[in-house]
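Novice: One structure is given below, represented as structure tokens, and several questions about it will come after.
Nothing in this text is a laboratory measurement; each read-out follows from the coordinates by a stated rule. Computed from a predicted structure; not experimentally measured. Backbone-built Cβ (ideal geometry, glycine too); neighbour counts: all protein chains shown.
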Amino acid sequence: MSEIRDESLWESGKRKIEWVRQNMCLLRDLEDRFTREKPFSGLKVALSVHLEAKTAYLCKTLAAGGAEMYITGSNPLSTQDDVAAALVHDGLNVYAWHGATEEEYHRHISKVVEAGPNIIIDDGGDLVNLIHNEYPQLIPGVIGGCEETTTGIIRLIAMNKAKQLRFPMVLVNNARCKYLFDNRYGTGQSVWDGINRTTNLIVAGKNVVVAGYGWCGKGVAMRAKGFGASVIITEVDPVKAMEAVMDGFKVMKMEEAAKIGDLFVTVTGCKDVITENSFMNMKDGAILCNAGHFDCEVDVAGLRKIAVETKLARNNIDGYRLENGNWLYVIGEGRLVNLAAGDGHPAEIMDMSFAIQALSAVYLVKNKDRLSEKIIYVPEEIDNEVAEAKLRYWGLEIDRLTPEQEKYLNSWEV
Ligand SMILES: NC(=O)c1ccc[n+]([C@@H]2O[C@H](COP(=O)([O-])OP(=O)(O)OC[C@H]3O[C@@H](n4cnc5c(N)ncnc54)[C@H](O)[C@@H]3O)[C@@H](O)[C@H]2O)c1
């Protein structure tokens, strides 16, 4: 029995899924292939990923392969109720609604785990944590899982180091066809889509502060520059900071950037990146948001505590007045701005990420008796297959190595 907000919303959700389907050529091919081959026949798949149309299409693709799907979101603000309704209308099991409280969110992911999954598709590690901590009796039934994002992978590697990870997990985020495109170009575009549609303000001429110059930060900074902003980077890694300097950005400490920034985007995967010290130094009207996985990068709870007045400034933008009289504005409660205030990454980008998810799940099933390690890197063949297919769909051809060139590149003798 599913738990969603309103099943009558299914038609709007169905339209959204059909739109992304038209733009997700790799998943379309996989849907056809899975319909014929049924690689997940008899298997239960638990999935916790931002529940919007692209994710829904991944769910339908896995279901076409014979999977019995148990679906929840990975963030209470990114779930779209009409999309959830469309999945339920198609007979899939969904436990999620937009704006779930902490308790409801926990109940929803618990329901998914209680189904006793064989495969886990996780985004940020919530399913893996829950099954290890609260449902260890279900672990023997799990073949393995796939993790979508950087933050989830950091957790998995830490768990594995402590010898606590009890089934194999594929590091989907670390595939080249994931982080090079999804993290950089996907986040780069969708973060600005979320900010722009929510604020309806100009980016050109503003001082935009991007905290973190990893794959996501590079995309966010690159697109801010394209909009005409003056971009400032804050970092803790000296090499990444140097890279930002060479890419033409100003680099400074957050305490300095706080004084001059008009718009702040955190995307570090770390916590307490913007805190009280910085809030007190910010300009009146400064806007803050986060694109990292968890809502702990901008200390919104701390801001709430020191605010003398609060207001809803605009849909999805909360205003906080400080003792010094300045108003600061936070988009989407400090949760992933591209999903809490937008529709997430473009469909063509998620096509690649989710093709890797689906092919990695097949890999787990096919190799289930041979996987000796708990941390599994996406095989190079999957990465290449995804890139080749995407190039083919875009009508692009590339050169091939001749046998002589291959030999030359693989030998040490001249
Ligand atoms: N919004 C989205 O749709 C989306 C998409 C992909 C990844 N993510 C999330 O975004 C975050 C970043 O992912 P990534 O792939 O860019 O990771 P990454 O490891 O490539 O980059 C993170 C960068 O942040 C820097 N950093 C860490 N702590 C910092 C601090 N306190 N101040 C300044 N810089 C700091 C690190 O040195 C690193 O360069 C993760 O939480 C990831 O899960 C979000």
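Novice: What's the angle, to the nearest 10 degrees (0 to 90), between helix 25-37's Cα axis and the longest principal axis of the chain?
Specialist: The angle comes out near 30 degrees.
Novice: Please work out how much length the chain gains when fully extended from TYR408 to LEU180, using 0.36 nm per residue of separation minus the C-alpha to C-alpha distance, in nm with one decimal.
Specialist: Going from the current span to full extension adds 79.3 nm.
Novice: Where does the chain land at 222 nm, in deg cm²/dmol rounded to the nearest 500, when only DSSP H runs of n ≥ 4 count, each adding -39500 (n - 2.57), divided by all residues?
Specialist: Mean residue ellipticity, 222 nm, calculated: -13000 deg cm²/dmol.
Novice: What is the angle, in °, between the Cα long axis of helix 187-199 and the longest principal axis of the Cα atoms in the chain? Nearest 10 is fine, range 0 to 90.
Specialist: Tilt relative to the chain: about 50 degrees.
Novice: Please go through segment 246-275 and write out the trypsin sites (Lys or Arg not before Pro) that DSSP classes as loop and that have at most 12 other C-beta atoms within 10 Å.
Specialist: Here the trypsin sites (Lys or Arg not before Pro) that fit, given the DSSP loop and packing criteria, are LYS253.
Novice: Related question: Expressed as a rounded percentage, what relative contact order does segment 186-335 have, with Cα pairs under 8 Å and six or more residues apart?
Specialist: 20
Novice: Mind checking which of THR150, THR101, THR198 has the largest fluctuation in a GNM of the chain, springs on alpha carbons under 10 Å?
Specialist: In this elastic network of the chain, the residue with the biggest mean-square fluctuation among THR150, THR101, THR198 is THR101.
Novice: If the cut-off is a Cα-Cα distance under 17 Å, which aspartates and glutamates reach LYS311, setting aside same-chain residues fewer than 8 apart in sequence?
Specialist: Counting by Cα, and skipping residues close in sequence, LYS311 has these aspartates and glutamates nearby: ASP284, GLU323, GLU333.
Novice: Now a separate question. On alpha carbon coordinates alone, what is the Rg over Rh value for the chain, Rh being the Kirkwood radius?
Specialist: Taking Rg over the Kirkwood Rh, I get 0.99.
Novice: Any idea what the relative contact order of the chain is, in percent, if you count C-alpha pairs under 8 Å spaced at least 6 apart?
Specialist: 16
Novice: Helix 380-393 versus the longest principal axis of the chain: what angle, 0 to 90°, nearest 10, using Cα atoms?
Specialist: That works out to roughly 80 degrees.
Novice: Okay, moving on. If the reach is capped at under 17 angstrom between alpha carbons, list the aspartates and glutamates near LYS38, excluding any in the same chain fewer than eight residues apart.
Specialist: Filter leaves ASP29, GLU68.
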